[in-house]
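The values are calculated or read from the model by the stated rules, or taken from the named source; none is laboratory data. Source: prediction; values computed, not measured. Methodologically, a virtual Cβ is constructed for each residue, glycine included, from the backbone with ideal geometry; neighbour enumeration extends over all protein chains shown.
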Amino acid sequence: MIEQQVHSRNLVAWAADKPDVCVLSGDLTGSTEIARFRDTYPDRFFSMGMAEQNMLSWAGGMAREGMVPFLHTFAVFLVRRPYDQLAMSVCYPNLPVKLIGFLPGIMTPGGVTHQAIEDVSLMRGLPNMTVLETGDATDIESVLDVAYAVDGPVYVRMLRGAVPRLFSTPMELDRVRRVREGADITVFSSGICTEEVIRACEVLQRNGISATHAHVTTLKPFADPAVVDMARAASRLVVTVENHNVIGGLGTAVAERMAEAAVGTPLLRIGIDDQFAHGASAPYLKDKYGISARRIVERVAATLGATIHVDEDELAAVDVSVSIGSEQLEAL
């Protein structure tokens, strides 16, 4: 099932009984689905312009006065540009500032200036920061509760526009969702990659490779004991799939847990292979940079010494098409 403008509708309803919640826009109000909030709660909406460093410092001051600011802009503009202000004005004093970052990874034709492929690494490295990622409509609807309950700063990799509904149970802090059970490999995925892995696992199963699959929504903290249990249960391979550089993100987090627990199963990290991407359509970029269902099947099969012919019609049978919603003002 594909749903449109989930965050736009959910934010307005969710904030109705939370007068301490305010929303700050980095001059991308229409592109981050907060126009309805602006129109519904004009006294709790602040347009800060294209001045992200100032927005972070302003948010820190508002949090000190008892507000809970939810900052909305593209992920790159919440991480790269105001990193020092984020560290000193928000994380160091451990203030409840919530950063809602859109267009994570390669989900934009805007190229390197708009593609946040290192944001998880940078945010995981900040003391006091919690890092969350949405992968479907249910995640979008439940991430606000999770972020609001954290007594400190939170960074959310948010989806917009048309998104699939993959789960019926809500996101929980530092808890993975078990999608399927298998004995040969264990796959950990996050964000948009979970849909691709669901499709890939179907093809792998039909070719004699059974997979346990877990959907990860909390990238820091990363202490769910199920991660080690599932990694240890894999008889042949552990795989991570992420819409992010393979350095510093989900793959690194899983590797750290496996090393600490002395899990000796081989690990295959699938993601952006330590390179900048370029602008193109999302399906093209996912395939080019190795995180499409087809490429996931090929990488897993090659690592296990197998050859699997990927039938595109077979993949399409479990595909969920995604388009940009009518309210989006910019394809970027």
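Which of the numbered conditions does Leu329 fail, given that it passes all the others? Conditions: (1) of a type in the set (A, V, I, L, M); (2) assigned to a loop (DSSP other than H, G, I, E, B); (3) under 30 Å from Thr32 (Cα atoms); (4) modelled with pLDDT of 90 or more.
(4)
Looking at the range 199-212, is at least one residue under 19 Å from Gly248 (Cα atoms), surrounded by 18 or more Cβ atoms within 10 Å (Cβ to Cβ), assigned by TED's automatic domain parsing to the domain that holds Pro266 and not small (Gly, Ala, Ser)?
No: zero hits.
Could you tell me whether Val216 is within 24 Å of Gly264 (Cβ to Cβ) and assigned by TED's automatic domain parsing to the domain that holds Glu312?
Against the criterion (within 24 Å of Gly264 (Cβ to Cβ) and assigned by TED's automatic domain parsing to the domain that holds Glu312), Val216 qualifies.
Assess whether Val216 counts as being crowded, with 21+ Cβ neighbours inside 10 Å and either within 19 Å of Val131 (Cβ to Cβ) or free of Cβ contacts under 8 Å to residues at least 40 places away in the same chain (or both).
Yes.
For the subset of the range 277-293 comprising residues that are free of Cβ contacts under 8 Å to residues at least 60 places away in the same chain and outside any loop (DSSP other than H, G, I, E, B), which member is surrounded by the most Cβ atoms within 10 Å (Cβ to Cβ)?
It comes out as Asp287.
Would you mention how many residues in the range 295-326 are modelled with pLDDT of 95 or more and part of a helix (DSSP H, G or I)?
Counting residues in the range 295-326 that are modelled with pLDDT of 95 or more and part of a helix (DSSP H, G or I) gives 9.
Mind checking which helices (runs of 4 or more DSSP H) fall wholly inside the range 1-84 and carry at least 1 residues that are surrounded by 15 or more Cβ atoms within 10 Å (Cβ to Cβ), aromatic (Phe, Trp, Tyr) and touching a residue at least 40 places away in the same chain (Cβ under 8 Å)?
Numbers: elements: 6-14, 35-40, 52-64, 75-79.
Once the helices (runs of 4 or more DSSP H) in the range 1-84 are filtered for at least 1 residues that are surrounded by 15 or more Cβ atoms within 10 Å (Cβ to Cβ), aromatic (Phe, Trp, Tyr) and touching a residue at least 40 places away in the same chain (Cβ under 8 Å), what remains is 6-14, 75-79.
Of all residues in the range 156-167, how many are assigned to a loop (DSSP other than H, G, I, E, B) and hydrophobic (A, V, I, L, M, F, W, C)? Reasoning before the result, please.
We begin by selecting, within the range 156-167, every residue assigned to a loop (DSSP other than H, G, I, E, B); these are 159-161, 165-167.
Now narrow it down to the ones that are hydrophobic (A, V, I, L, M, F, W, C): 159, 166-167.
Qualifying residue count for the region: 3.
Between Ala116, Ala162, Ala137, which is among the small types (Gly, Ala, Ser), touching a strand residue (DSSP E or B) at 6+ places or on another chain (Cβ under 8 Å), at pLDDT 95 or above and over 22 Å from Asp273 (Cβ atoms)?
From the options Ala116, Ala162, Ala137, the qualifying one is Ala137.
Going through the range 133-155 one residue at a time, which ones are under 24 Å from Ile2 (Cα atoms) and not in a helix (DSSP H, G or I)?
Of everything in the range 133-155, those that are under 24 Å from Ile2 (Cα atoms) and not in a helix (DSSP H, G or I) turn out to be Glu133, Thr134, Gly135, Asp136.
Suppose the filter is within 28 Å of Arg299 (Cβ to Cβ), among the aliphatic types (A, V, I, L, M), over 14 Å from the mean Cα position of the chain (by Cα) and assigned to a helix (DSSP H, G or I); does Ile209 pass it?
Answer is no for this residue.
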